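Visitor: Structure provided below as C-alpha cells; questions to follow.
The values are calculated or read from the model by the stated rules, or taken from the named source; none is laboratory data. All of these numbers come straight from a predicted model, not from anything done at the bench. Using ideal geometry, Cβ is built from the backbone for each residue, glycine included, and neighbour counts are taken over all protein chains shown. Calculation scope for accessible area: heavy atoms of the full protein, side chains included, ligands and nucleic acids excluded. Shrake-Rupley method; radii C 1.70, N 1.55, O 1.52, S 1.80 Å.
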Amino acid sequence: MAKPFHLNTPLLESVGMSKRVGTTVYLKMENSQPSGSFKIRGIGHLCQQLARQSKGVVCSSGGNAGMAAAYVARKMGVPATIVVPSSSPQLVVQRLQDQGATVKITGRVWDDANAEALRLQETEGLTYVPPFDHPLLWQGHASVIAEVAASLGPGVKPGAVLVSVGGGGLLCGVVRGLKDAGWTDVPIVAMETAGADCFNAAVKAGRLVTLDDITSEAKCLGAKTVCKKAFEYSRCSELTIISELVTDQQALSAVQTFLDEERVLVEMACGAALAAVYSGLVRRLQDEGRLPALLGPLLVIVCGGSSIDMEQLTLLKHKLQA
C-alpha cells in the first residue's frame, strides 16, 4: 500500500470549549494537514487509485479541494489544472499557483467551474478529481475517524461529532468512519451557514434541492446541491444526523473566538462547526432532547481551510458587522 499523503493530525482537548458545553471537547486538527484541510485525505486516496498513470489532473474548487489536488499532483509529479469560480479570493489563486498548478477562472460559482473541469476531462483527457462526490473520497476521509478511535483508545467513544457540510464529502466520510469503528449510534451534528445550506434544504424538503444561489460568505461551503449519498444517510434509520444552521455572523464570531482561544485561524466554512459550541447550539439541542443531557466527549472536526488570512478576516468583519 502506497504511503498516504495525509498526516495523522493532533487530537487536542479544548479547555475553553469543554467549559462551555460541560463535557470534554476534542478537536481533530485537520487545519494542520499539508494542504491546509481534511480534503487531502480523500483526494490523496483517490489520486493514488486513479491518477498514477495520468497525463494530468483537473479539479474544480473554490479552494480546499483544489489545494489538496495541487499538492498531491505535485508530489506525484503530474500536472494539475484547477478551475475556480471568480468568487475565489486572490489569495487562493496565488496559493494554488505556488503549488505549481495551472489556475483557470471560470464562472461565478462552483457549479460553473465544475462544468469547465468536466469539459477539460473530455477534451484534454485529464483525470477529473471531484471535490466531494465520490466513494474513494469518502473512503479516504473515513481515516479521520479511524485516527480518533485509535487516539481515544478502546472503550471510549464520542458523545457526538460536529462537522461542517458543504457538498457533503466530509459528512459521508465521517459516516463511513463511524460505521468502520462500530460507532453508528454516535449522533452527527451537520453544520451549515444560512445561504450555503444545500444539505439542510434537502433534509427539510425530503428530496435533493438545488439552491438558487450561494449568498453566504462561507464560500467553501458553496455547493448548490449536496451529494446524493449525504442525503441518503440523512434518511437512514440507523444513523442520527442532526442538520443545523448558523448565521454568517455566528460563523465569523466562532472563527474569531477560536483564534483567540486556540491560536488557530480557520475559514468561515470551518467556523460553522465551531459555532455549534460557541453559539450555544449544542446546549439547545440537549435542552430539546435531541442530544443526550449527559453527553460523552464531543468531537469537533476542525476542517481547516486555506482561503483565510488576517486581511480576509478584516474584510469579512467589515462586511458582516456593517
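Visitor: Restricting to the stretch 246-264, give me the number of residues that are in contact with a helix residue (DSSP H, G or I) (Cβ under 6 Å, 6 or more places away or on another chain), within 19 Å of residue 301 (Cβ to Cβ) and open to solvent by 50 Å² or more (accessible area, probe 1.4 Å).
Guide: Here the count works out to 2.
Visitor: So which pairs qualify, if the first residue must be in the stretch 122-146 and of a type in the set (Phe, Trp, Tyr), the second must be in a helix (DSSP H, G or I) and open to solvent by less than 30 Å² (accessible area, probe 1.4 Å), the Cβ gap must be under 7 Å, and the two must be at least 6 apart or on different chains?
Guide: 128/117; 132/169; 138/42; 138/169; 138/172; 138/173
Visitor: Taking the stretch 286-322 as the search range and keeping residues that are free of Cβ contacts under 8 Å to residues at least 60 places away in the same chain and small (Gly, Ala, Ser), which one is most open to solvent (accessible area, probe 1.4 Å)?
Guide: Among them, the one singled out is 322.
Visitor: Here is a check on your reading of the model: is residue 254 assigned to a helix (DSSP H, G or I) and under 23 Å from residue 6 (Cα atoms)?
Guide: On the way: assigned to a helix (DSSP H, G or I): yes; under 23 Å from residue 6 (Cα atoms): no.
So residue 254 does not fit the description; no.
Visitor: Can you work out which of the residues in the stretch 92-110 that are buried (at least 20 other Cβ atoms within 10 Å of the Cβ) and more than 19 Å from residue 219 (Cα to Cα) is modelled with the lowest pLDDT?
Guide: Ranking the qualifying residues of the stretch 92-110, first place goes to 99.
Visitor: Only one residue in 32, 54 is at pLDDT 95 or above, among the polar types (S, T, N, Q) and either touching a strand residue (DSSP E or B) at 6+ places or on another chain (Cβ under 8 Å) or within 17 Å of residue 141 (Cβ to Cβ) (or both), so which one is that? Please lay out each step first, then the result.
Guide: Numbers: 54 fails: at pLDDT 95 or above.
That would be 32, the only listed residue that is at pLDDT 95 or above, among the polar types (S, T, N, Q) and either touching a strand residue (DSSP E or B) at 6+ places or on another chain (Cβ under 8 Å) or within 17 Å of residue 141 (Cβ to Cβ) (or both).
Visitor: Out of curiosity, is residue 269 assigned to a helix (DSSP H, G or I), modelled with pLDDT of 95 or more and crowded, with 20+ Cβ neighbours inside 10 Å? Can you show your working first?
Guide: Values: assigned to a helix (DSSP H, G or I): yes; modelled with pLDDT of 95 or more: no; crowded, with 20+ Cβ neighbours inside 10 Å: yes.
The answer is no for residue 269.
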